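These notes are about the structure you will find just below.
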Protein chains: 2
Amino acid sequence: MSKGIILLSGGLDSSVTAYIAKKECKELNALFVEYGQRHIREWESSSRIAESLGVPLKTISVPISELVETSLTGQKAVPMGPSDGIPDTWVPQRNSIFLALAFAYAETLEADRVYIGVNHIDYSGYPDCRPEFIESAQITLNMASKRYVATGVKTRIMTPLLQLSKKEIIRVGLGLEVPFGLTWSCYQGGEKACGKCDSCSIRLAAFEAVGIQDPLEYEGK
Amino acid sequence: MSKGIILLSGGLDSSVTAYIAKKECKELNALFVEYGQRHIREWESSSRIAESLGVPLKTISVPISELVETSLTGQKAVPMGPSDGIPDTWVPQRNSIFLALAFAYAETLEADRVYIGVNHIDYSGYPDCRPEFIESAQITLNMASKRYVATGVKTRIMTPLLQLSKKEIIRVGLGLEVPFGLTWSCYQGGEKACGKCDSCSIRLAAFEAVGIQDPLEYEGK
């Protein structure tokens, strides 16, 4: 069995990935990156998901928001519903930075797997969620890993949700008894999920397709 | 002419690289990453080098030291003189993190070049200073770049010192009138450079080989 690190954001995808990782690893550690996102509710969700799994959560503050302009950190408005092309919620190099941090932490913990809940079926069109990016990142980050350079043993990037639809992700989560009510997908920073942004729209449509009620509270419902 | 970002650490290599970049770019911005290093003197040097070039310096705090154990952030002693293999001053994924941050910033500034002062001739044996890592990082980071995905135009990682000896780097710096006295290479956090750590040893030997005096003050001299 492996030692793993899960990049936890408190969203539906990373939470389901965490539950998968917990089953696959003899030891699991969660890493949350606070990067200036307006939806800090993500941290609360990550914390509660980690607690529900009995997994230690490490939080690191990396103010990517000081380098980029994105609606997720407040410099632009959050677009409502799906966009054409790469939307304004795009945070440049977010997964590059997250994966590099996770690989650094993996070297300390001697972990051989880094889990990330990327998905490129029902997603917002972010370039760093595509399979070719993940494959390339695995090659690059291993080249800068002491163990790989010394022994040739790779740290693997695990993306169990990559090719699943959101509907399938919810079904997998149901099977693993993921507490969906603790997760948070909304791009806005409100008390309740807005139900209208790209992320909420994709989530709600998927719950409807599965035929169950999303246990999360939404504004105006 | 290009728009560039220079990853400035205040060391001899990144300072010489900054002077090269200034000549090659119509616009240059410097980025300093404060990562918990014990030699915070690096920031002062970066600031003075950026000032000497008339280049804006952006500082971002990314506490890599919370994820890793390295002598550069105080968890281990700084080794004296050269080491076999990868020394304890190794900061896992440092250049992966720095380059990912610089590419994020490049997307905001619409820069098409990221300069980094890596060198793999007279160096400490860090895996993320090798040419194969840099090439791979350029591929990976462009895959997560909006412009590359939309237009196929790459952001290039510029490594003008990669194949130069430290002696040659000093000669290039002399030609560009780099104020070497403002740079800082020592791994320790003292008032004066220690003259004994790996980084000081390489630097002092190179100045001696060039046949000029290092203008930096050293302990006990």
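The values are calculated or read from the model by the stated rules, or taken from the named source; none is laboratory data. Keep in mind the model is a prediction, meaning the values are calculated, not measured. Note that we place each Cβ from the backbone using ideal geometry, even for glycine, and neighbour counts take in every protein chain shown.
A few comments on the model shown:
- Of all residues in region A:5-48 being surrounded by fewer than 23 Cβ atoms within 10 Å (Cβ to Cβ) and of a type in the set (Asp, Glu), the one that is farthest from A:Asp88 (Cα to Cα): A:Glu27
- The residues in region A:63-97 that are more than 9 Å from every other protein chain (Cβ to nearest Cβ), outside any loop (DSSP other than H, G, I, E, B) and either closer than 14 Å to A:Pro127 by Cβ or modelled with pLDDT under 75 (or both) can be counted, and the count is 4.
- Scan of region A:144-171 for residues that are crowded, with 21+ Cβ neighbours inside 10 Å and in a helix (DSSP H, G or I), ordered by number: A:Lys166, A:Ile169, A:Ile170
- Residue among A:Lys22, A:Lys26 that is farther than 22 Å from A:Ile170 by Cβ and modelled with pLDDT of 95 or more: A:Lys26
- Among residues of region A:144-167, those that are within 12 Å of chain B (Cβ to nearest Cβ) and in contact (Cβ under 8 Å) with a residue 40 or more places away in the chain, counted: 5
- Taking the conditions (1) surrounded by 20 or more Cβ atoms within 10 Å (Cβ to Cβ); (2) assigned to a loop (DSSP other than H, G, I, E, B) in turn, A:Gly189 satisfies each one other than (1).
- Taking first residues from region B:210-221 that are closer than 8 Å to B:Gly181 by Cβ and partners that are hydrophobic (A, V, I, L, M, F, W, C), the Cβ contacts under 7 Å between residues at least 6 apart in sequence or on separate chains come to B:Pro215/B:Phe180; B:Leu216/B:Phe180; B:Leu216/B:Ala193.
- B:Leu174 vs. criteria assigned to a loop (DSSP other than H, G, I, E, B) and modelled with pLDDT of 90 or more: no
- Identity of the residue in region A:120-143, within 10 Å of chain B (Cβ to nearest Cβ) and at pLDDT below 95, that ends up surrounded by the fewest Cβ atoms within 10 Å (Cβ to Cβ): A:Gly125
- Here B:Lys58 passes the criteria (1) under 14 Å from the mean Cα position of the chain (by Cα); (2) modelled with pLDDT of 95 or more except the one numbered (1).
- Of the residues B:Asp128, B:Asp122, the single one that is in contact with a Lys or Arg (Cβ under 7 Å, 6 or more places away or on another chain) and in a helix (DSSP H, G or I) is B:Asp128.
- Residue count for region B:15-47, restricted to those that are over 14 Å from B:Gly181 (Cα atoms) and part of a helix (DSSP H, G or I): 9
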